[in-house]
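Student: Pasting in a structure now, in structure tokens, and then I'll have a few things to ask.
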Number of protein chains: 2
Amino acid sequence: MLDIASSSLIPKTPAASPETPGGSGSSALLNHMARIMRLQAESALAPLGLRPRHLVALSILRDHDGGTQQTLAALLSIDRTNLVGLLNDLETEGWIERRRDTEDRRRHLVVLTETGSEKLADAEAALVNAEDHVLRGLDEAQRQQLQSLLQLAAAGHAAGHAGGCTEQEPIGHGSACLAAQADEELGAC
Amino acid sequence: MLDIASSSLIPKTPAASPETPGGSGSSALLNHMARIMRLQAESALAPLGLRPRHLVALSILRDHDGGTQQTLAALLSIDRTNLVGLLNDLETEGWIERRRDTEDRRRHLVVLTETGSEKLADAEAALVNAEDHVLRGLDEAQRQQLQSLLQLAAAGHAAGHAGGCTEQEPIGHGSACLAAQADEELGAC
DNA sequence: CAACTGCTTTGCGTTGCACAAACCATTTGC
DNA sequence: GCAAATGGTTTGTGCAACGCAAAGCAGTTG
């Protein structure tokens, strides 16, 4: 006999009880919602010549303008050889510039150009409908709340680089953090 | 001259103002945080023989047990040929079963097995540290809040399938939703 | 000046998909 | 009764987004 009660598309219980310490279940939910958002974002961004990974990089650059490639790779948690390719895309379009650090000419400082800032603003305007659609289960206040919490989490992650280990290393490895070292150097200048 | 003020890892301004209608900026933040979470999750899940996409599928199944493959594909927003491969993985491990629908023998109903429920619980226990680490910028109440908002968003997405178009189609296409059709059929039984 | 660092290029491999075509079993509608 | 449609499966191709390794160049450091 068909089990009707359990076959509805509407979830019957939350994945984790609200009182669960450490909030287990966030991982699956983040993955799931991010994937759905990305599918919508790809359609919205394609006419602008952007891909979601470009958007993420430009957003991070807006907040961390003028940092080194090392710190960017750490913030984005990607391999530096992949960062090079990503920045090549953005530079080719004129959205960023690599500027040689006068204090250490081995380094580039990566800055968002005016064109890049405008493109990012265009992209975010293009995404409003996509985000409204994907987040239609939330009201306006809840969307703001989600955004704020994600921003706090991202800031905590960035700050964690200043004080801890790289994301690529699983938790517990004690090696010095590249971003932390770079940040300390900048702080000392 | 090195621009110290703009080179810190700590973001200087939020990506979007809290009063921005539609909360633009969620897309980049979701992508970014999901990727960071996934990197940690992969390490935590590997000893259990799970990958993040397995975790997402098992989590969705816990909430939507006994649904058809069609509705699962719609919920997960993946192509049905990819769903077959994903379910083959889960079935091989004994975490799910495909049961023939006695009312329509073309269909399988996909159910989480007891082994699968246990494996999912194990996975979530393994992820507690990863989630604590990735979300260390949030306090306990904020993590619960984030989880609740993501669950609401996921529920809204699932409900949206009951009443609207598929995720694969960009917003605005008016074709009938497969999941909506399936859910209506189930509701009528 | 050797050793190290920041970045770049090239190459290889894996994962997670989308998409297409073809097929089988079953149901539906005329 | 049968053609058309449906649910699922298999095979194949291609692509994006990575990780990782090796090698090399320019520049800095001790």
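The values are calculated or read from the model by the stated rules, or taken from the named source; none is laboratory data. This is a predicted model, so every value here is computed, not measured. We place every Cβ from the backbone using ideal geometry, glycine too, and count neighbours over all the protein chains shown. To get the accessible areas, we keep the full protein, side chains included, count just its heavy atoms, and leave off ligands, DNA and RNA. Shrake-Rupley method; radii C 1.70, N 1.55, O 1.52, S 1.80 Å.
Student: In segment B:99-110, how many are surrounded by 13 or more Cβ atoms within 10 Å (Cβ to Cβ) and either away from chain A (no Cβ under 14 Å) or within 12 Å of DNA strand C (Cβ to nearest atom) (or both)? Talk me through it step by step, then tell me what you get.
Tutor: Just the residues of segment B:99-110 that are surrounded by 13 or more Cβ atoms within 10 Å (Cβ to Cβ), to begin with: B:99, B:101, B:107-110.
In the following step, the residues that additionally are either away from chain A (no Cβ under 14 Å) or within 12 Å of DNA strand C (Cβ to nearest atom) (or both) were identified as B:101, B:107-108.
The number of residues fulfilling the criteria is 3.
Student: Is it true that A:V56 is under 22 Å from A:Q147 (Cβ atoms), within 16 Å of DNA strand D (Cβ to nearest atom) and modelled with pLDDT of 95 or more?
Tutor: Considered against the rule, which asks whether it is under 22 Å from A:Q147 (Cβ atoms), within 16 Å of DNA strand D (Cβ to nearest atom) and modelled with pLDDT of 95 or more, A:V56 comes out as yes.
Results for (1) within 14 Å of DNA strand C (Cβ to nearest atom); (2) away from chain B (no Cβ under 11 Å); (3) touching a Pro at 6+ places or on another chain (Cβ under 9 Å); (4) closer than 20 Å to B:S26 by Cα, shown as yes or no for each residue.
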position	(1), (2), (3), (4)
A:G49	no, yes, no, yes
A:V56	no, no, no, yes
A:D63	no, no, yes, yes
A:G66	yes, no, no, no
A:Q69	yes, yes, no, no
A:S77	no, no, no, yes
A:R80	yes, yes, no, no
A:L86	yes, yes, no, no
A:E93	no, yes, no, no
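Student: Here's something else I'd like to know. Scan segment A:128-144 for residues that are facing chain B (nearest Cβ under 7 Å), open to solvent by 70 Å² or more (accessible area, probe 1.4 Å) and not basic (K, R) and jot them down.
Tutor: A:N129
Student: Can you say whether A:T113 is away from every other protein chain (no Cβ under 13 Å), open to solvent by 70 Å² or more (accessible area, probe 1.4 Å) and out of contact with any Leu (no Cβ under 7 Å at 6 or more places or on another chain), as far as the supplied structure shows?
Tutor: So A:T113 does not fit the description; no.
Student: Going by the conditions given, is A:A46 in a helix (DSSP H, G or I) and open to solvent by 10 Å² or more (accessible area, probe 1.4 Å)?
Tutor: Judged against the criteria, A:A46 is a match.
Student: Next up: Any idea which of B:A121, B:A125 is within 12 Å of B:R62 (Cα to Cα), more than 16 Å from DNA strand C (Cβ to nearest atom), surrounded by 12 or more Cβ atoms within 10 Å (Cβ to Cβ) and within 14 Å of chain A (Cβ to nearest Cβ)?
Tutor: Selected residue: B:A121, the only one of B:A121, B:A125 that is within 12 Å of B:R62 (Cα to Cα), more than 16 Å from DNA strand C (Cβ to nearest atom), surrounded by 12 or more Cβ atoms within 10 Å (Cβ to Cβ) and within 14 Å of chain A (Cβ to nearest Cβ).
Student: Name the residue, out of B:G156, B:G94, that is modelled with pLDDT of 90 or more and in contact with a helix residue (DSSP H, G or I) (Cβ under 6 Å, 6 or more places away or on another chain).
Tutor: B:G94
Student: If B:D79 meets every condition in (1) surrounded by fewer than 19 Cβ atoms within 10 Å (Cβ to Cβ); (2) of a type in the set (D, E); (3) more than 9 Å from DNA strand D (Cβ to nearest atom) apart from one, which number is that one?
Tutor: (3)
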